[in-house]
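Remarks on the structure that follows.
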Amino acid sequence: LFRSLGEPGYISLEVYNVLGQKVLTLVDGQMDAGVHVVAFDGSSMASGMYFYRIDTKSFSETKKMVMLK
């Protein structure tokens, strides 16, 4: 996963299952402005539909993803 941040600040990037339960936190803290790449290892997760949510001071987005094994 990658995202370009326009300003430095607190970032939260979390993965949720279809029941809305948080299953993984990928980022939880301060990050500098710029392009960031976050490695995601889903080898311990079951196949299926998941959602990831990124939250910053000025931006919030939720997208779906499919885990295939």
At least 3 residues that are surrounded by 10 or more Cβ atoms within 10 Å (Cβ to Cβ) in each: list the strands (runs of 3 or more DSSP E) lying fully within the chain that qualify. 9-17, 22-31, 48-55, 60-67
Among the residues of the range 30-55, the number that are within 13 Å of Tyr16 (Cβ to Cβ) and among the aliphatic types (A, V, I, L, M) is 3
Residue in the range 1-26 that is modelled with the lowest pLDDT, counting only those that are aliphatic (A, V, I, L, M) and closer than 16 Å to Met65 by Cβ: Leu1
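The values are calculated or read from the model by the stated rules, or taken from the named source; none is laboratory data. Just so it is clear, the model here is predicted, and its values are computed rather than measured. All Cβ positions, even for glycine, are placed from backbone atoms using ideal geometry, and neighbour counts span all protein chains on display.
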